[in-house]
Structure formats: C-alpha cells, structure tokens
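Enquirer: This is the structure, below, for whatever I ask next.
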C-alpha cells in the first residue's frame, strides 16, 4: 500500500529543468553541472482514466510519442508505478534544448516530468528519489544508468555522484565560472561514443587521472582558478573520443589560447564545453572555437551560460 | 654555475622527519598523511673532503651503509650534485620507524637528510624541491617514483600529489582524526606488493573508484566524518592485495565493527591503517584489530597517532 496522496485541487503543473553538461573532462560518468542558458518544460494535466499520454512535443521533431519510448513519459510512468499513482496524466513537452546538442536534453525532459509530478504530491519525494526516477528515462535514451546529467539537472550547481545505489549526490562549491557550449553540426550518438571506449584502462593512467580529478575537486572547494586550469586534464576519455569530432584538438587549442580554463567534451560530444572566468572571456573563447570549427567547414551553435545553482523547479502560476 | 651558498658557521644539523601512511585506500599512489607517533632523525656534519659517509645507523640493523644504496645518503648525494654542493657530509641516522612497518621509514630517512641539508643553505629550496630530492632515495627503496610517503613527510597533514613533473603537492584540510597503525609480523615487500597488481583495470571500476576518491576529498574539505565513512572504499587495490595478509578482511571487519571510520592498507602493507574519530575509539579499534590478528596466530605492533600537521623540520640546538 502506498502512502502517497495527491494534493487536492491541483490539476495542472509545469516544471522547468535546465540544460546540463556531463563529465567535465576529469569526471567521466560522475561529474556534471547545470546551465542557465536553456531548458525543457513539461506540463502535466491530471486525467482520470489511468493513461499516460504525450499530447504534444513543441519545437523539435523526431522524438517518440509512444509513452514507453520517450524519456519524459517513461520516467513519469515508472514514478507513477513505484508510488502507486493511478490517475494518469496528459503531458506536453516544450523542448528548449536542441537535439544532440550535448546539453542533456533527454535528461532535462525526464527531470521536468518527475519534478512536475512531485508538485502534485502532498508529501514530495527527495531530490535523490527524483534522480532515480528520471534515470529510468535516461536509461532508454543512452542505454546505461548514467546520472551525470540527471543529477545536476535536479540539484543544480556542480554535482558529484558518489553512488547510484543508494543514490548519493554531492553538491560542490565553485568559483564564478562562465560555460561555453559549442555544438558542431556533426552526428555522434551517445551510444556509439560509449561503444568506442576500451573496457580497460592502464593502472598508470588511472593513477594520473585520479590525481587530476582529486586536484580539480580541491580547486572547486578552494575556488582556485589556476589549480582548476592545471588539473582539468582528461587522459582517459578524450584521447579515445577526439577523432569523433573533426578538428577537436585544434578547437580545444583555440579555446585555451583565447584564455579558456579548460575545453573538453560536453557529455559524450560532439558538443564541447569550455570554462571561462568572465563573460567577456567567454565571448572571446566562443568566437575562437566557432572560427576554428568553421575553418574545418563545420557549422556550429553556441551558448554562453553561468552555472545554474538551482536545478529544476515548478513554474508557479501567475 | 650554482648560486647555492652554505651558511657561515653551521657545521652540524639534525632534522626530524615523521612516519607517514600512503594510499589511504582511495588514493593509490597520490594520497598520504603524516603521523605524530614516531619518525627518523638524520644528523649531518660538514666535511671538507667532498665525501658523503654514513657514520652510524642507530636502532635498526640490516640497512645498507653504502651511500648509493641507502635512501638517506642517496637522496643527499643527488641534492648535493644538483645544487653543486661539494664539501661532503658525515651522516648519522637514528631510525625511530620500525623496518617494514608500513609507516614510510625509507621516505622519512631520505626526507630528514634533505631537510637537514636545506638547513645549511643560505637560500633554502622549496618543499616541492625537497620532495623531488627525497624521491631519489625512495626510488632505490621501492623501485618506482612514488611520492605518496615523501610528500606528506615533507609537507605534513594529508597531501594529494597532483603531478610529479612539475612537482605539485596539495595540502587537504581534515577533521580531527586518530590513526591506528597495526603492523603484523609478516614479510611483504613493497616491490612484490606492487608486482601483483594487474597492469589494467576495468573502466567501470575506474568510474566507481573515482566517485569514492572524489567523495572522500569532499569529506575532507567538509570535515564530514559520515561521508568519509561511506566513501573510503578501495575497489581496485585492496581486493588484489588482501590475500598477502592472513586475516586481512577479518581484521578490517573487526576495526569497522569497533567504530573505525575506515580500515585499509597502510602503503602497500602488510601494515593496516584505521581512521577513528576519537582517541578512546582508536584504543578500542586497536585492541579489536590486535585480537583478530592474534586469533590468526599473528603477532603485531600498534601505534595510535593524530595527524601531524607540520611535517619534517630542523631540530634547533638548545
């Protein structure tokens, strides 16, 4: 028997979930951050026939409307099942995050759905639980249980996932940072970007990479930009994925030469993330990265965003 | 040409270097801490014939007296060479750290030697440089360039080595901790403990271990004992080395059951390190660990020590 009760008189709710960037170079599958630039919205309307239906997906085409194939509706289904919520919901998804942009679009839709549902509950579940539910959606999108987009999407800020079972997410402090996201118009699917990774890594590389991860976490706590610059080195994943993106190392070099603290893949790519210490610098770095992609004949979109400290939330009615 | 000058009128100096414990479970080859319990002393007396001679090693037998085989004199030789110091020194080593006790005895002697020499210089070198010189000694003892004992021995506290070249050591903050070191009377050499490690690790384990390392560093910064307890998990090295020590997992379990925050290898073993949050608790944990080793017919020595915040230093004449 479930103790979950729905609030009286609430029939429709909209939640916003921000774009995110996962891995951050040193933290493959464990680090991620929330962006302020864009996000997805999900509106849920209560039904009484027990069905979960996607009514509409705005702004993008090609996403599945079948409830058990779409990340948002699948996460919602699982949360309803586990909490024994049987009324059913109609769902409208407003995609603010471009498809394949490396900014966690599938995670954001799933998170917006479960955060919206949480708003219906008299006893809302914890943020850790929301991550778990949203992960069901992420699983059908990426083929694995990776919370590095979902966790910052729910919690905001920069997050470290210590454990998936039990779910444990740690919010890291951080200095003032501006994130540049560059989305080159190349097709790289998360599943194939994961497929090319060797299943084993040398112990020696593990030690070197651990040292960089450890130092980067120290840099976040100490808000030490120069230590961050030295330690944001990815010795394991980047060398294996760089050739998926034409001009990757030249674009990275262009970013660093223009003053970026680091430039790396956003998630599994092809998008790239650069950290900058000011907005002016972020603009300079953006232009340099775009110019280099252009030199390789590649069009790209760009976003500049501070880190979003809040994560997903219910949009209150006016 | 060297700019190094020796201070006038200084002919004899003694330095103390503390015992250390390396790895700390989650930080293979990169984390270490300094102990307050014991340490080695090295006394240098200036000569004028250019020779480096070991006059005496007190308290232990079996250490090499040949200057290029002993960790202390070899480190001193290298430092003299690189700084172009040609007078020569006589050396007396007072070993406070028991041989093979897993408390960084070879590192401590090397560090005491280079710290003593630094006291002769009008322009002393940096602590990073001292780590580099002492590492030459560590290399002949362990067959590799591992600074995880040398760094905390020089710097004190808990240290993370981000990079060996250039040398970069980060001092971590930490909550009040009492360390228990248990030295079972078993022979395990550093070189062979290293030799059994597989040269590759699964990517999946790397991700899980990175998460624990990252969380442990967060726990040190946040001085969060419970987070430390959850995150001090070694999924990579411990399973490979546990069978080198009879009863390892039972002793570990006895420690944890008695309230230890973590129990793991001290360095490459056979000694074990446990973290406790009070002295009373450390005494309880010590007894439990000793009793379990005894049950396996193994004698053991024990030390209880807070973390030494200062590292190696020159002992001033009275």
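Enquirer: Taking the residues in the stretch B:123-151 that are outside any helix (DSSP H, G or I), out of contact with any strand residue (DSSP E or B) (no Cβ under 7 Å at 6 or more places or on another chain) and surrounded by fewer than 24 Cβ atoms within 10 Å (Cβ to Cβ) as candidates, determine which candidate is modelled with the lowest pLDDT.
Expert: B:143
Enquirer: Shifting gears a bit: In the stretch A:236-265, what residues are out of contact with any helix residue (DSSP H, G or I) (no Cβ under 7 Å at 6 or more places or on another chain) and in a loop (DSSP other than H, G, I, E, B)?
Expert: A:237, A:245, A:246
Enquirer: Still on this structure, I have one more. Can you go through A:14, A:61 and tell me which one is out of contact with any helix residue (DSSP H, G or I) (no Cβ under 6 Å at 6 or more places or on another chain), farther than 30 Å from residue A:236 by Cα and assigned to a strand (DSSP E or B)?
Expert: One residue alone meets the criteria, A:14.
Enquirer: Sticking with this structure for a sec: I need a count of the residues in the stretch B:166-210 that are more than 18 Å from the chain's Cα centre (by Cα), more than 13 Å from chain A (Cβ to nearest Cβ) and surrounded by 15 or more Cβ atoms within 10 Å (Cβ to Cβ).
Expert: Total meeting the criteria: 2.
Enquirer: Still on this model: Is it true that residue A:99 is surrounded by 24 or more Cβ atoms within 10 Å (Cβ to Cβ), in contact with a helix residue (DSSP H, G or I) (Cβ under 7 Å, 6 or more places away or on another chain) and either part of a strand (DSSP E or B) or away from chain B (no Cβ under 14 Å) (or both)?
Expert: Here the answer is no, as residue A:99 does not meet what is asked.
Enquirer: Something else about it: Does residue B:256 meet the test of being in contact with a strand residue (DSSP E or B) (Cβ under 9 Å, 6 or more places away or on another chain), over 29 Å from residue A:25 (Cα atoms) and surrounded by fewer than 23 Cβ atoms within 10 Å (Cβ to Cβ)?
Expert: Considered against the rule, which asks whether it is in contact with a strand residue (DSSP E or B) (Cβ under 9 Å, 6 or more places away or on another chain), over 29 Å from residue A:25 (Cα atoms) and surrounded by fewer than 23 Cβ atoms within 10 Å (Cβ to Cβ), residue B:256 comes out as yes.
Enquirer: Name every residue in the stretch A:211-235 that is part of a loop (DSSP other than H, G, I, E, B) and within 11 Å of chain B (Cβ to nearest Cβ), in order of residue number.
Expert: Answer for the stretch A:211-235, where residues must be part of a loop (DSSP other than H, G, I, E, B) and within 11 Å of chain B (Cβ to nearest Cβ): A:224, A:233.
The values are calculated or read from the model by the stated rules, or taken from the named source; none is laboratory data. This one's a predicted model, so the numbers in the text were calculated from it and none came from an experiment. Positions of Cβ are backbone-derived with ideal geometry, glycine not excepted, and every protein chain shown enters the neighbour counts.
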